[in-house]
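Report on one structure; see the data block that follows.
What follows is calculated from the coordinates using simple rules that are stated; it is not laboratory data. Fair warning: this is a prediction, and the values are worked out from it, not measured in the lab. FYI the Cβ positions are ideal-geometry reconstructions off the backbone, even for glycines, and counts take in every protein chain you see.
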Amino acid sequence: MAAPPIVCIVGKKKSGKTTFLEKLLAALAGLGVRTGTVKHDIHGFSMDHEGKDTWRHRQAGAATVCISSSTQLALIKTVEREMTLPELAGTFFADRDIVLTEGYYNSDQPKIEVFRPEAHALPLCGPDEAWTRKLLAMVTDADVDAGVPCFGLDDGEGVARQLKEWFGL
């Protein structure tokens, strides 16, 4: 199975990325598109809780721990380096139609920027950077010339339809 396409939802802190991503995910699901998401965390994170069985397994020396049920699967794995988005998509999301990320502005993947002028004076990408940053669209409530199609902050359905068209989902 080939890795699905990846689109990064980017924007400055408190720009509304998560809120928009929720709208976009619901709209894609309504169109029958199977999505996966990756949240980028530059600080590291912890999903395991002290005293739980999986935590105890890791403390005892397991480098990879999986918890599985009839409806969910979670994997915690110690890695030597951060996996690239294509590696993540190919390894964990091959059964999805598209992978959306929150973050990964510096990746080489296509991007949609969320921009609200009440949160920040300027967007991350200007029209002169749209091509080099692989900016597909801007989601905003401002009159911004980003050199790409613009959608409203509540227009998850419009962006979902556009993604479906662009990527043949």
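Odds and ends about this structure:
- Nitroxide proxy distance, nm - points 7 Å out along Cα→Cβ at Gln59 and Thr84: 3.8 nm
- Using a simple spin-label model with pseudo-atoms 7 Å out from Cα toward Cβ, Lys52 and Lys14 lie 3.0 nm apart.
- Proxy reagent accessibility, fewest Cβ within 10 Å first, across Met138, Met83: Met83, Met138
- Computed per residue of the chain from DSSP H runs no shorter than four, each worth -39500 (n - 2.57), the mean residue ellipticity at 222 nm is -7000 deg cm²/dmol.
- Lysine pairs within segment 1-145, Cα separation less than 21 Å, 8 or more sequence positions apart or different chains: 21
- If a spin label sat at a point 7 angstrom from the Cα of His120 along the line to its beta carbon, the backbone N atoms of segment 128-168 nearer than 12 Å would be those of 139.
- Overall shape: prolate for the chain, with the ratio a/c of the largest to smallest alpha carbon gyration tensor axis at 1.5 or above and a/b above b/c.
- Measuring r between the beta carbons of Arg161 and Asp108 and using R0 = 35 Å, the FRET efficiency lands at 0.90.
- Stretchable slack from Leu73 to Asp41, in nm (0.36 nm times residue separation minus alpha-carbon distance): 9.5 nm
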